[in-house]
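Structure, as structure tokens:
A short reminder: the numbers here are calculations on the coordinates, not readings from a lab. No experiment lies behind these values; they were computed from the predicted model shown. Note: ideal-geometry Cβ built from the backbone for every residue, glycine included; neighbour counts use all protein chains shown.
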Amino acid sequence: MIDMLRKITGEQRIGHAGTLDPLASGVLVVGVGRDATRKLGEVVKKEKEYIADIFLGMESVTDDAEGEKIPHYDGRHNERTVGIAEVEKAVKNFTGKILQVPPVYSAIKVKGQKAYEAARQGKDIQLEPRLVEIKNIEILKYDWPHLILKVTTGPGVYIRALARDIGRELKVGAYLFDLERTRVGQFTKDEALTNNSSMRLTINEKYQLG
């Protein structure tokens, strides 16, 4: 995205606020030019909203759909499903300020190396829990094994980790099947430009690039 915008605008000073995982989509706030890129540090700290599709009944080594899946069984070695009442109760435990262990497959550095690089090398990675804030979780739809949530967070929250932890709270396992970021601060999906020809036209008109 950044490379494409550099070609469109001719501006080399372009940055973004908050990386999206490879399988995620949605709002990416981009700063074009010196003044805009300087403001990105504040944008990263803003409230964010996501639509998360959580797959219950299995875990993933990466906590999302990209990694190897591990079926989850209860003590009787039978597959177990859960009712909506159990889901509602579990979800409530993750609102407010909570301690969250980031995914092993993340860009957090451990002894100078990114955790996901060390994990791919077969190293045993132990990440410390971090205090984060999840401001609200709304259940949009539940149809086993898919649980669709709207999540409002402060900075530093991993939705993959939230999916993993909800699965463990329910004792069925879970991973993040799909994720869309719909808002970063005041920047919303409805106002965003998409990566297509209309985006190029809009940017060209705004910056009078011809």
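Observations on the model:
- The value of relative contact order for the chain, using C-alpha pairs under 8 Å at least six residues apart, is 31 percent.
- FRET efficiency for K97 and L193, using Cβ-Cβ distance with R0 set to 30 Å, rounded to 0.05: 0.30
- Contact order, relative form, for region 1-101: 15 percent (alpha carbon pairs under 8 Å, 6 or more residues apart, mean separation divided by residue count).
- Three-way shape call for region 47-184 based on the alpha-carbon gyration tensor, with the a/c threshold at 1.5: oblate
- Computed [θ] at 222 nm, deg cm²/dmol, the chain (DSSP H ≥ 4; -39,500 (n - 2.57); rounded to nearest 500): -7000 deg cm²/dmol
- Against the chain, whose longest principal axis is taken from its Cα atoms, helix 159-169 shows a tilt of about 10°.
- Backbone amide hydrogens, once placed in the peptide plane, bring D64 within less than 5 Å of L176, excluding anything fewer than 5 places away on its chain.
- Other residues with beta-carbon under 10 Å from the beta-carbon of P22 carry, at +1 per Lys or Arg and -1 per Asp or Glu, a net charge of -3.
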